[in-house]
Amino acid sequence: MTTLSTTLVKRLEDPRLFRQYAYVNGKWTHGEGGREEAVYDPATNEAIGHIPLLEAEQITAAVDAAESAFVHWRALRADERCERLLAWYDLIQANREDLATIMTLEQGKPLPDARGEVEYGASFVRWFAEEGKRTYGETIPSHIPNASLGTIKEPVGIAAMITPWNFPLAMITRKAAAALAAGCPVIVKPANETPFSALALAELAERAGIPDGIFNVVLGEPAEVSKILCSEPRIRALSFTGSTRVGRLLMEQSAGTVKRLSLELGGNAPFIVGPDMDPKEAAYAAVDAKFQTAGQDCLAANRILVHESIHDAFVEQFTERMAALTVGNGLQGEIDLGPLIHRQAVEKAAAIVDDAISRGATLVMGDQSQAPGENFFMPVLLTGVTPQMKVWREENFAPVAGITAYSSDEEVIELANDTEYGLAAYVYTHDIRRIWKLMRGLEYGMVSVNSVKMTGPPVPFGGVKQSGLGREGGATGIDEYLETKYYCLGALGSVSGS
Ligand SMILES: NC(=O)c1ccc[n+]([C@@H]2O[C@H](COP(=O)([O-])OP(=O)(O)OC[C@H]3O[C@@H](n4cnc5c(N)ncnc54)[C@H](O)[C@@H]3O)[C@@H](O)[C@H]2O)c1
Ligand SMILES: N[C@@H](CC=O)C(=O)O
């Protein structure tokens with residue numbers, strides 16, 4: 001296996017967090033077929049390490065291990081699982097700096113954002129550690145003479161998790177902590193672009209005393225591994241975060257084993273600005289909501305819909321704020337936007353901008369000759385965006401902002417809903433009647449009013465329409481990994497209150 005890159009060796013306080021193996025049944029595992037893949041720093045295109053591509057039998061071995069380990073893990077008391085999860089949480093926090101460095105190197109996001117993601121990811125571990133103690137069943141007033149009825153909650157079984165590269169740590173912990181707290185073993189398949197954050201989490205899970213076979217990280221050719229995970233009958237739940245395209249595919253592949261599915265898919269968020277808003281306040285918020293993680297965020301404000309009465313003032317303020325954004329290597333200094341994940345993402349962004357211009361949009365800002373490297377894309381502002389353009393129809397997943405003017409609440413609701421996606425929407429207005437009307441009229445799983453920040457452990461995160469199924473986080477996130485068992489205790493004699 002390749003040696004550690006010198007950049008990483010120098011930067012990590014604990015180099016054992018950087019692993020170039022899969023993690024199965026508590027063992028660091030290489031690929032039995034000898035296949036491997038390089039992982040690149042998107043800022044420099046330098047290989048930072050290699051990962052093994054496991055063979056089919058090795059994926060099945062992970063399921064075997066999870067199946068054996070499940071027996072003991074589910075039998076632990078909820079407070080015992082809570083203690084292991086809290087130990088994991090403490091270790092993630094204690095190693096925050098190294099985890100952030102690994103993340104910036106493999107994903108490209110600026111170091112302060114990576115630190116923020118570690119914090120965010122850890123917060124789900126603490127949340128679900130506690131929620132695991134509150135998986136209550138219920139008693140049901142009986143309609144059957146002399147019987148007691150009720151429900152108990154039981155772990156669904158082995159849970160597989162397939163996660164994306166844009167949030168390489170938090171998208172794992174938001175799923176895995178819920179499953180582990182519920183008593184389920186977990187098999188994670190991270191994105192091949194960003195495997196090292198997942199492997200560092202595995203190292204810390206081992207140190208936290210999470211038993212062998214309970215937290216596994218498998219690596220391989222994505223379509224190959226996913227097919228095995230989806231068709232494996234012993235895997236009872238599949239939780240996926242990623243594109244709607246791949247989500248549909250996994251749904252089809254899981255039909256044969258009728259799995260419990262949680263799907264956190266793409267978004268195409270509208271950002272609606274009412275006529276009563278201060279253009280500067282709204283424009284600054286819109287810049288924040290669009291350009292985080294260089295626009296590679298499922299919550300990114302893709303379609304900015306501004307009331308015609310303040311459109312020009314808004315564009316002026318947006319442009320001014322946007323001009324101050326810095327683009328560069330996330331490890332160096334005060335950077336707002338890192339690189340995109342790879343060259344294809346840059347090409348896709350350029351094609352979306354060209355398409356918009358060819359259909360009549362105006363390019364207000366975004367000079368690509370200023371890009372500091374092959375995988376960088378300078379932030380773009382387009383005005384005069386219409387529903388016919390790709391920038392409107394597709395989740396652009398790039399720092400490309402499109403502004404459209406509208407004239408009435410009815411029109412803006414129709415425009416905002418004109419998409420197959422339904423993850424999150426932003427509303428900026430202080431008019432309470434307008435807030436209520438928009439909140440109710442928008443076909444989205446999450447609506448954030450006058451706030452860019454909307455996520456966190458207590459929140460039932462998720463979308464409607466083709467943005468997904470189910471919710472992660474919050475009081476109900478753990479239900480994705482629990483079965484309800486109904487019981488009827490009959491022939492009890494006369495039961496008082498039945
Ligand atoms: N709703 C949410 O919470 C949320 C959060 C983060 C990202 N996302 C979405 O994720 C997408 C970006 O991430 P991405 O590019 O990694 O998504 P992606 O769908 O390409 O990949 C996601 C995962 O699926 C795997 N995969 C890719 N092709 C596959 C195939 N043919 N068969 C099986 N597995 C395959 C990848 O290796 C990765 O692990 C965006 O659409 C974004 O909106 C959604
Ligand atoms: N920002 C989102 C991830 C989407 O890409 C989150 O908080 O979950």
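The values are calculated or read from the model by the stated rules, or taken from the named source; none is laboratory data. Bear in mind the structure is a predicted one, so any value in this text is a computation, not a measurement. Please note: Cβ atoms are built from the backbone with ideal geometry, for glycine as well, and neighbour counts cover all protein chains shown. Side chains are part of the model used for accessible areas, which takes the heavy atoms of the whole protein and leaves out ligands, DNA and RNA. Shrake-Rupley method; radii C 1.70, N 1.55, O 1.52, S 1.80 Å.
Is at least one residue of the stretch 112-135 at pLDDT 95 or above and under 30 Å from G493 (Cα atoms)? Write out each step before concluding.
Step one: list which residues in the stretch 112-135 are at pLDDT 95 or above, which gives 112-135.
With the extra rule that they be under 30 Å from G493 (Cα atoms), the set shrinks to 135.
Yes, the stretch 112-135 contains at least one residue that is at pLDDT 95 or above and under 30 Å from G493 (Cα atoms).
Counting residues in the stretch 416-438 that are more than 27 Å from Y120 (Cα to Cα), modelled with pLDDT of 95 or more and assigned to a strand (DSSP E or B) gives zero. Taking L219 as the residue in question, decide whether it is more than 26 Å from C82 (Cβ to Cβ), in a loop (DSSP other than H, G, I, E, B) and of a type in the set (A, V, I, L, M, F, W, C). Judged against the criteria, L219 is a match.
Among the residues of the stretch 187-209 satisfying the criterion of being charged (D, E, K, R) and out of contact with any strand residue (DSSP E or B) (no Cβ under 6 Å at 6 or more places or on another chain), which is least open to solvent (accessible area, probe 1.4 Å)? Outline the logic, then answer.
First pass over the stretch 187-209, keeping only residues charged (D, E, K, R): 189, 193, 203, 206-207.
Next, from what is left, pick out any that are out of contact with any strand residue (DSSP E or B) (no Cβ under 6 Å at 6 or more places or on another chain): 193, 203, 206-207.
Details: E193: 63, E203: 6, E206: 76, R207: 83 Å².
My answer is E203.
The residue that is surrounded by the fewest Cβ atoms within 10 Å (Cβ to Cβ), among those in the stretch 40-75 that are assigned to a strand (DSSP E or B) and touching a helix residue (DSSP H, G or I) at 6+ places or on another chain (Cβ under 6 Å), is I48. One residue stands out among those in the stretch 210-225 that are open to solvent by less than 10 Å² (accessible area, probe 1.4 Å) and among the small types (G, A, S): the one that is farthest from ligand 1 (Cβ to nearest atom), which is G213.
Taking the options T241, T293, name whichever one is on the phi > 0 side of the Ramachandran plot and within 12 Å of ligand 2 (Cβ to nearest atom). Just one listed residue meets the conditions, T293.
Within the stretch 478-491, is even one residue under 30 Å from D312 (Cβ atoms), touching a Leu at 6+ places or on another chain (Cβ under 8 Å) and among the hydrophobic types (A, V, I, L, M, F, W, C)? No: zero hits.
So that you can scan it fast, the table gives a plain yes or no per residue for (1) more than 12 Å from ligand 1 (Cβ to nearest atom); (2) crowded, with 20+ Cβ neighbours inside 10 Å; (3) outside any helix (DSSP H, G or I):
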| residue | (1), (2), (3) |
| --- | --- |
| F240 | no, yes, yes |
| G247 | no, yes, no |
| A255 | yes, no, no |
| F271 | yes, yes, yes |
| P275 | yes, no, yes |
| C298 | no, yes, yes |
| L325 | yes, no, yes |
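Taking K10, is it open to solvent by 70 Å² or more (accessible area, probe 1.4 Å) and closer than 19 Å to I187 by Cα? Break it down into steps so the answer makes sense when it comes.
Values: open to solvent by 70 Å² or more (accessible area, probe 1.4 Å): yes; closer than 19 Å to I187 by Cα: no.
Taking the combined requirement at face value, the residue does not satisfy it.
If the condition is being open to solvent by less than 20 Å² (accessible area, probe 1.4 Å), over 20 Å from F397 (Cα atoms) and under 25 Å from the mean Cα position of the chain (by Cα), then the stretch 415-447 contributes V427, Y428, L442. For the stretch 147-216, the strands (runs of 3 or more DSSP E) that sit wholly inside it and include 3 or more residues that are over 16 Å from A237 (Cβ atoms) are 148-155.
Among the residues of the stretch 437-450, at least one is farther than 23 Å from F314 by Cα and away from ligand 1 (no atom under 16 Å from the Cβ). Restricted to the stretch 135-150, and to residues there that are exposed (fewer than 14 other Cβ atoms within 10 Å of the Cβ) and under 32 Å from the mean Cα position of the chain (by Cα), the residue that is farthest from C184 (Cα to Cα) is E138.
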